[in-house]
């Protein structure tokens, strides 16, 4: 196995070989507690994905009912993501102090409650506030869940396990699209969108499972105990000091690129299909389904490649693929039939790299700072990526929605490629209780 060298590279003595290269190897060797953690995190990601994707699916209805322009409508998605960036960073820091599992419970309950609040708002300004508050928990759930999974799974299977959990996002996206197809078929748009947000409160039920069946990772519990005994609990700013500063900057840029491209596509693609391609809300479901199936396949293949090839090769291959497909999807004069087929590779390349991000960020930081580092980098990236839905909406007024999506998505994936290239490979790194 190739081992990276240079600043920030892992110690070769901390690396272990891949014993079984198959995708499902990690699950076969899991203990019962590990499997419970796996399914709890997978369900959390699925419900997280469902909650987030509800707004892009109803954005056209919101624009029509409340007569807001596309830029303003995109602002709600941007505000949600900006709040989630703050929530994720704080949740990561809190997870280093009170534990991964408790933090996960708090964040899931938080964003479930505010999804329900979204169902009762009376104007766009109230929706903006509710989505911002929802975002705090939405971002925190990823930070706590990713660290929990990364520390639970042994090194040689971490990429596949964390990546497979990430595939739950596509399932949640599919649940949101299915809810849209059913609700908008049987209810008038004026009430259907409210029921969409009400369904987003379902994740609250997951808290009961977490409290009963999911345990704190041993490596995290031991590290917190040692830090308390020594009076050296982690500080919020430690990830910006010494050799960790370079890692934090590059990892944040990588996270910004991969999320900015994803949000530029997924926030506005439903609107693109119904306006520039002339599809109805219900008929666009098939096109989104192709995208979602491709996304799910991308997550699983990405999870396998993260351990087979390494984190960096996964990021480099998928960022180039995403640029090529999104430009073809939005800029070539393709028929709707070809567009439907192209939805699969678009979903595949625009999502699959996420399978490596959780494990990668987990491996970049010592245990005592892992929540803070992972939470900040991923969610700083989310904060920058949050600007893209708003900017796409604004730019679409002058160059059209298709071109605006292509400009921001391709630019974001370019940044992702360069930052990933500059970071070290971490595949197979063993995590230690002493950091």
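The values are calculated or read from the model by the stated rules, or taken from the named source; none is laboratory data. Being a predicted model, the structure only gives us computed values, none of them experimental. Positions of Cβ are generated from backbone atoms using ideal geometry, with glycine treated the same way; all protein chains shown enter the neighbour counts.
Is it true that some residue in the range 370-378 is farther than 17 Å from residue 146 by Cβ, touching a residue at least 60 places away in the same chain (Cβ under 8 Å) and touching a helix residue (DSSP H, G or I) at 6+ places or on another chain (Cβ under 8 Å)? Don't jump to the end; show me each part of the working.
In the first step, residues of the range 370-378 are kept if they are farther than 17 Å from residue 146 by Cβ; the result is none.
The answer is no, given that none of the residues of the range 370-378 is farther than 17 Å from residue 146 by Cβ, touching a residue at least 60 places away in the same chain (Cβ under 8 Å) and touching a helix residue (DSSP H, G or I) at 6+ places or on another chain (Cβ under 8 Å).
Among (1) more than 26 Å from residue 294 (Cβ to Cβ); (2) without any contact (Cβ under 8 Å) to a residue 60 or more places away in the chain; (3) surrounded by fewer than 23 Cβ atoms within 10 Å (Cβ to Cβ), which single condition is residue 137 missing?
(3)
Spot the failing condition for residue 325; the list is (1) closer than 22 Å to residue 290 by Cα; (2) over 21 Å from the mean Cα position of the chain (by Cα); (3) surrounded by fewer than 24 Cβ atoms within 10 Å (Cβ to Cβ), and only one is missed.
Of (1) closer than 22 Å to residue 290 by Cα; (2) over 21 Å from the mean Cα position of the chain (by Cα); (3) surrounded by fewer than 24 Cβ atoms within 10 Å (Cβ to Cβ), only one is false for residue 325: (2).
Look at the range 238-270 and say how many of its residues are at pLDDT below 85, part of a helix (DSSP H, G or I) and surrounded by fewer than 20 Cβ atoms within 10 Å (Cβ to Cβ).
Total meeting the criteria: 1.
Collect the residues in the range 308-322 that are part of a helix (DSSP H, G or I) and crowded, with 17+ Cβ neighbours inside 10 Å, keeping them in residue-number order.
We begin by selecting, within the range 308-322, every residue part of a helix (DSSP H, G or I); these are 308, 311-322.
Once the filter is applied, which keeps residues that are part of a helix (DSSP H, G or I) and crowded, with 17+ Cβ neighbours inside 10 Å, the range 308-322 yields 308, 311, 312, 313, 314, 315, 316, 317, 318, 319, 321, 322.
Only one of these is touching a residue at least 12 places away in the same chain (Cβ under 8 Å), under 20 Å from the mean Cα position of the chain (by Cα) and surrounded by fewer than 24 Cβ atoms within 10 Å (Cβ to Cβ): 416, 390, 360. Name it. Quick ask: steps written out before the conclusion?
Values: 416 fails: surrounded by fewer than 24 Cβ atoms within 10 Å (Cβ to Cβ); 360 fails: surrounded by fewer than 24 Cβ atoms within 10 Å (Cβ to Cβ).
Unique residue meeting the criteria: 390.
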